[in-house]
Amino acid sequence: MPEGHTVHRLARTLTELFSGERVRVSSPQGRFAAGAAVLDGAMLVTAEAWGKQLFVGFTAGDPLGSESRWLRVHLGLYGAWTFAGDGSADVVHAIGAPRRRIGERDSSPPASDGPSSGPWVPAAPRGAVRLRLLAAHAVADLTGPTACEVLTPQEKAAVEARLGPDPIRPDGGRRSQDAARDAFVSRVRRSRVTVGQQLMDQAVIAGVGNIYRAEALFRARVDPLRPGREVPADALAGTWDDLVVLMRDGATTGRIVTTRPEHRGGGAPTHGEGRRRTRQNTDGDPAAVPADEAFYVYHRDGSPCRVCGAPVLLEGLAGRNLFWCGTCQV
DNA sequence: GCTGCATGATGAG
DNA sequence: TCATCCTGCAGCA
C-alpha cells in the first residue's frame, strides 16, 4: 500500500508529466464521470502531496470558472496509478498498491523507429479505471482509490487543516522543522492512546502507514503498546527525525528499506565497501537490498529479530496487524 | 475458477 | 469494535 512516500513520488511524477499541459480528463469506468467533466480540458498546474493525500491543481479560467480547482485522490489500500507515454518523458511506470509495476511499459510502442512513426496513441484503459488524465505525450490511469473528488481551494485547505505534520514535506508542512517535530511530540504525549495507534493517526503525523509505524518504533526501541503519554519526549523526537530520513529516502527511491547494513545479509557477512554504508535506502540502487532484508519487523512475525534473535511478534491492534520485537522494544 | 488478503479510512453501533 | 468500500493478485482447488 501506498504510504506517504509513494504519494509524494506520485505527485512528482504527475507534475513532471503534466504540469503546464491542458489535459483531457475522463472516467472510463464511469464512477467519476461528473468530476471528470468539470476538469476536462483544464490546465494542470502542479501536483502535491500531504501525507497520503494527493492534490492535483488545475488553473482557473477556460473550462473552469473564476476559481481554480484541486483534484483530491486518496489511494486507500488498493488504489494505484499507471503511467504510460511516448517516451519523451522519462517516466513510464506504475506506482501504488497492491504491487508496484515499475518499469512496465504496457502501452508504449517501442520508440525505436523514431519520430516518424506517427503520433503516439495511448493504450485503452485496463481494468476499472476511475480516472484517466491524458495529454499529448503521456497518460495516467487511476484505479481503486478510496477518494477521488474535485475541491475548491477552500475545501483543500480544510482537508489539510485536519492533517498532522508530514515528515516528507519541507519543514514538515509547519513553520519550521522544529515546530513540526514539537507538534508531533506534544500531540502523542497528550494522549494515553498507544503510541502504535497514534502513529497511524493521520492527524498526529501524516503519511505514516503500517510499515513505517512498525519499523520506526523498532528503530527507536519503543514498545508500540505503550501509552503515548508514557513515551519519553526525546524518544519521540528521535522517531520524528528518523522518519524524516526514512520517508524522504522512500520517496526518492520508491522503496522502503529500514534495515541498517550491519543487520542484513543473514548469511554472508558484509565486508569491504558495503561495511561503511550508513544510509538505509539504497545508496542509489534499490535492488542492492534484497526484499527479504529490507525490514526489521514488518511481516516478519515468527522470524528471529535481526538484533536479538527473539521471535518477532504479531498482534491485531485497531484492526491492523502490528509487528514488533517484545525484547528490543520496551 | 474461487478465496482471502493488502502499505486505509470511515461510519454505525 | 465492526462492517464496509475500492481493486488486483497470490495462493489454492
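The values are calculated or read from the model by the stated rules, or taken from the named source; none is laboratory data. Because the structure is predicted, anything quoted here is derived from the model rather than measured. Cβ placement follows ideal geometry from the backbone for every residue including glycine, while neighbour counts extend to all protein chains displayed. Surface areas here come from the heavy atoms of the whole protein model, side chains and all, with no ligands, DNA or RNA. Shrake-Rupley method; radii C 1.70, N 1.55, O 1.52, S 1.80 Å.
Where residues in the range A:237-251 are open to solvent by 10 Å² or more (accessible area, probe 1.4 Å) and not aliphatic (A, V, I, L, M), which of them is nearest to A:D178 (Cα to Cα)?
A:D241
Scan the strands (runs of 3 or more DSSP E) fully inside the range A:28-101 and keep the ones with 2 or more residues being modelled with pLDDT of 95 or more and either closer than 12 Å to A:V150 by Cα or among the β-branched types (V, I, T) (or both).
Where strands (runs of 3 or more DSSP E) fall fully within the range A:28-101 and carry at least 2 residues being modelled with pLDDT of 95 or more and either closer than 12 Å to A:V150 by Cα or among the β-branched types (V, I, T) (or both), they are A:43-50, A:53-58, A:69-74.
From the list A:A216, A:A180, A:A206, which residue is in a loop (DSSP other than H, G, I, E, B) and surrounded by 21 or more Cβ atoms within 10 Å (Cβ to Cβ)?
Result of the check over A:A216, A:A180, A:A206: A:A206.
Only one of (1) assigned by TED's automatic domain parsing to the domain that holds A:L71; (2) more than 22 Å from A:L75 (Cα to Cα) is not met by A:T194, so which one is it?
Condition not satisfied by A:T194: (1).
Of the conditions (1) modelled with pLDDT of 95 or more; (2) touching a strand residue (DSSP E or B) at 6+ places or on another chain (Cβ under 6 Å), A:A138 satisfies every one except a single condition; which number is it?
Every condition holds for A:A138 apart from (1).
If you go through the range A:289-330, how many residues are of a type in the set (V, I, T), farther than 14 Å from A:R260 by Cβ and crowded, with 20+ Cβ neighbours inside 10 Å?
1
Within the range A:152-177, how many residues are buried (at least 16 other Cβ atoms within 10 Å of the Cβ) and over 18 Å from the mean Cα position of the chain (by Cα)?
3
Hey, any hits in the range A:12-25 for a residue that's within 29 Å of A:I205 (Cβ to Cβ) and either basic (K, R) or within 16 Å of DNA strand B (Cβ to nearest atom) (or both)?
The answer is yes; a qualifying residue exists.
Which of the residues belonging to the range A:142-184 are among the aliphatic types (A, V, I, L, M), out of contact with any strand residue (DSSP E or B) (no Cβ under 6 Å at 6 or more places or on another chain) and over 19 Å from A:E215 (Cβ atoms)?
Once the filter is applied, which keeps residues that are among the aliphatic types (A, V, I, L, M), out of contact with any strand residue (DSSP E or B) (no Cβ under 6 Å at 6 or more places or on another chain) and over 19 Å from A:E215 (Cβ atoms), the range A:142-184 yields A:A157, A:A158, A:V159, A:A161, A:A179, A:A180, A:A183.
Can A:R221 be described as surrounded by fewer than 21 Cβ atoms within 10 Å (Cβ to Cβ), farther than 26 Å from A:R300 by Cβ and out of contact with any strand residue (DSSP E or B) (no Cβ under 9 Å at 6 or more places or on another chain)?
It is false that A:R221 is surrounded by fewer than 21 Cβ atoms within 10 Å (Cβ to Cβ), farther than 26 Å from A:R300 by Cβ and out of contact with any strand residue (DSSP E or B) (no Cβ under 9 Å at 6 or more places or on another chain).
Out of the residues in the range A:20-67 that are open to solvent by 40 Å² or more (accessible area, probe 1.4 Å) and either within 24 Å of A:R174 (Cα to Cα) or among the hydroxyl-bearing types (S, T, Y) (or both), which is farthest from DNA strand C (Cβ to nearest atom)?
Once the filter is applied, the top-ranked residue is A:S66.
Would you call A:E149 surrounded by fewer than 18 Cβ atoms within 10 Å (Cβ to Cβ), modelled with pLDDT of 90 or more, among the acidic types (D, E) and more than 16 Å from DNA strand B (Cβ to nearest atom)?
no
Provide a single number: the residues in the range A:252-264 that are open to solvent by 10 Å² or more (accessible area, probe 1.4 Å) and assigned to a loop (DSSP other than H, G, I, E, B).
4
Of the numbered conditions (1) touching a residue at least 60 places away in the same chain (Cβ under 8 Å); (2) out of contact with any Asp or Glu (no Cβ under 8 Å at 6 or more places or on another chain), A:A138 satisfies every one except a single condition; which is it?
(2)
Inspect all residues belonging to the range A:76-85 and state whether any of them is away from DNA strand B (no atom under 14 Å from the Cβ) and open to solvent by 20 Å² or more (accessible area, probe 1.4 Å).
Yes: the range A:76-85 contains one or more residues that are away from DNA strand B (no atom under 14 Å from the Cβ) and open to solvent by 20 Å² or more (accessible area, probe 1.4 Å).
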